[in-house]
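The values are calculated or read from the model by the stated rules, or taken from the named source; none is laboratory data. These figures come from a predicted structure and were not determined experimentally. Here the Cβ positions follow ideal geometry from the backbone for every residue, glycine too, while neighbour counts run over all protein chains shown. With ligands, DNA and RNA removed, areas are computed over all heavy atoms of the protein, side chains included. Shrake-Rupley method; radii C 1.70, N 1.55, O 1.52, S 1.80 Å.
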Amino acid sequence: LECFDTPTGWKYFGNLLDAGRIVLCGEESFGTGSDHIREKDGLWAALAWMQILAAKGCSVEELLTEHWKEFGRNFFTRYDYEGCESAPCENMMANLQTYVDDKSNIGKEYSAMGSTFTVSGADNFSYVDPIDGSKASKQGIRIMFSDGSRLVFRLSGTGSSGATVRMYVDSYCNDPAKMLKSAQEMLKPAVEVGLIISQLRELTGRQEPTVIT
């Protein structure tokens, strides 16, 4: 079963769908689709869920709980810092690029709120489309940890209206005692590590995000 990790943008899904390489696609903002249409489709997603629930004969909560018990759970959150001054944000991203380029950071440990994270990999995500060969570079600074946690930093809108910094945080957990905790509670240590590594608070002056997803 082929699986592709693509940049942001539905066009990347479209190429794979048209070529018959995938039949299901989705993004972190919960847009999903299949090979019947080249765009996210809320009606299809709702019908797919209804079919699953009818076949399983259970509630959404029961289905998710059973799934997490068997496969573990991925917790996710996104911190958006909107309307920031462009120069400090660009400085932060330049510093992060230097960080991921320095391979001596692999193996470095960070501790926050009783949790320790060991860096297992870091890069600025790039993608070569397997269908048309087009290349997309600098799609987001990624910092991965040995426990499966991950940080992603992206910068957009650096014009006169201000910049937006997005920090994506996700982590895997297979401890049944923690499966039903909120994402914000589970990810708080990883979020803090992300803020420490990026120096986002110090460089932008923002102590809190504008939006938490």
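Structure data summary
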{"item": "GNM result for the chain, Cα springs below 10 Å: residue of MET92, MET113, MET186 fluctuating most strongly", "result": "MET113"}
{"item": "Tail weight of P(r) past 18 Å, computed on alpha-carbon pairs of region 148-213, percent", "result": "43 percent"}
{"item": "Cβ crowding within 10 Å averaged over residues, with 29-38, 53-62, 75-84 ranked highest first", "result": "75-84, 29-38, 53-62"}
{"item": "Carbon + sulfur, % of accessible area of the chain - ligands and nucleic acids excluded, 1.4 Å", "result": "52 percent"}
{"item": "Rounded, prolate or oblate (a/c below 1.5 giving rounded, otherwise prolate when a/b exceeds b/c) for region 104-213 by Cα gyration tensor", "result": "oblate"}
{"item": "Residues of type lysines that LYS178 reaches as a straight line, Cα spacing below 18 Å, ignoring anything fewer than 8 places off in the same chain", "result": "LYS69, LYS188"}
{"item": "For region 115-164 versus region 96-113, the gap between their alpha-carbon centres in whole angstrom", "result": "14 Å"}
{"item": "FRET efficiency, ASN74 to TRP44 (Cβ-Cβ, R0 22 Å, nearest 0.05)", "result": "0.45"}
{"item": "The chain - accessible surface per residue (Å², probe 1.4 Å)", "result": "57 Å²"}
{"item": "Anisotropy class of region 105-165 from Cα gyration tensor, a/c 1.5 cut", "result": "oblate"}
{"item": "For Cα extents along the principal axes in Å, calculated from these coordinates, the label among [x] 54, 42, 32; [y] 75, 44, 34; [z] 51, 45, 34", "result": "[z]"}
{"item": "Gain in span if fully extended, SER34 to SER120, counting 0.36 nm per residue against the direct Cα distance", "result": "27.7 nm"}
{"item": "Gained length - ASP147 relative to THR65, 0.36 nm times residue gap less alpha-carbon distance", "result": "27.4 nm"}
